[in-house]
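Comments concern the structure below.
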Amino acid sequence: MRTAVPLRGLPDGRATHRDLGGGTDGTVVRPHPGEADLRAAPGADGAQMYDGRKGSPSPLQQAIHLLPLAGEAAGLRLTQRLAERGMTRTHLTMLAALAEHGPHAKPDLAARCGLSLPDALPVVASLLAGRLVEAFPVHIDRRHEVVMVNAAGREALELLHAEAAAAQDDLLRPLTRGERAQLNALLRRVCAAADRTGAGAPRTEAVPQG
């Protein structure tokens, strides 16, 4: 008999379940939002999944719908694993930025991580409290405080990267190693092309002259 497996460690403290069928007590286990639509769509068992050569049996199986669902599932898995270490994705992003690009003034670090300064300051403060980064004053026209990652922060970053890899393995479990490599390569091409074309920005139409 298949049972519902509890997933702990959600950011808001709620417990959810991975839908493996009905619960042992006869209750219905609700899947994660978005999974139900995908599972109910024709071909959700993989037998009739979208084939660009033949067209899709359902509009919901096109990449424009599947990619956000996959991203949501990936984000949830990563958030859960980081939360078990008392960290968030923002902590990971900030440590990675400091490790890759070196010391930053706090406003510059916030901008690099795509955050406003008020949102970034509590994260910096928590990293300082955890002794994963250090702040020191420098003189550049006027006094600034610069943040840099230390040895403990680099070690923590390695652990967080390992958690991200484990979350990815969990998400991509249905795929072979070759399929995972192919998926990664295709997604990088899509993201690179979107970055070049500025995808997501509003498109403007030419205004007829005269």
Does the range 125-199 classify as rounded, prolate or oblate by the C-alpha gyration tensor (a ≥ b ≥ c root eigenvalues; a/c under 1.5 gives rounded; else a/b over b/c gives prolate, otherwise oblate)? oblate
Leaving ligands, DNA and RNA out of it, report the carbon-plus-sulfur percent of the accessible area of the range 54-151 at a 1.4 Å probe. 57
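The values are calculated or read from the model by the stated rules, or taken from the named source; none is laboratory data. What you are looking at is a predicted structure, and each value in this text was computed from that prediction instead of being measured. Just the protein is used for accessible areas: all its heavy atoms, side chains included, with ligands, DNA and RNA removed. Shrake-Rupley method; radii C 1.70, N 1.55, O 1.52, S 1.80 Å.
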